[in-house]
């Protein structure tokens, strides 16, 4: 085979590889844009022996457009009464409308209120399943089979309540993925706001969340629409 032919073959292979890589990147970007909970493999250890591999959501900073100015405010906002004893913190991203440190005998938990804007965030039950998929069960069963959900009506606000326990593989984070945490729990509520859903997600050691379950429930039951501004 001539030197010219070899050179041409190498160029063809390089071009095919470049095109294939571009297609994969484009498909991945499209999936992330449609799903704020798009997942990638965990790179850190910490799972109990014999557990299947798990995945953790990417940072949603690159997966969603910025929240439109003025959305989720006024009558489209939600208001609530946070439990006494919880420490309110400055939200670490624009998609967090509130975040709290939750004390307990099992170690600190965290409660975050997410708001992604109109048309973003997905349906309540789909999100409940995604949350459950962030957990691994000791017997290997899918966590979607053991999660508990309940439909609530808080005044005019429809809410989906979610509970799941197991080894927590991590959640929406703006930083590096944390190692999986055994004996963990999630209490969640997805509430219908005036222009989009609001996502209340409490995670932490199961012992701590059991101690705070009634307080979190009271917080959700205190939900009410916002008021007109001006």
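The values are calculated or read from the model by the stated rules, or taken from the named source; none is laboratory data. Worth saying up front: this structure is predicted, and the values here are computed from it rather than measured. In this analysis, Cβ positions are derived from the backbone assuming ideal geometry, glycine residues included, and neighbour counts consider all displayed protein chains.
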Answer yes or no as to whether residue 174 is modelled with pLDDT under 95, within 14 Å of the chain's Cα centre (by Cα) and surrounded by fewer than 16 Cβ atoms within 10 Å (Cβ to Cβ).
-> yes
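Here is a yes/no grid of residues against (1) assigned to a strand (DSSP E or B); (2) free of Cβ contacts under 8 Å to residues at least 60 places away in the same chain:
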{"site": "122", "(1), (2)": "no, no"}
{"site": "125", "(1), (2)": "no, yes"}
{"site": "153", "(1), (2)": "yes, yes"}
{"site": "158", "(1), (2)": "yes, yes"}
Select the strands (runs of 3 or more DSSP E) contained entirely in the stretch 33-111, then report the ones holding at least 1 residues which are at pLDDT 95 or above and under 16 Å from residue 121 (Cβ atoms).
-> 96-102
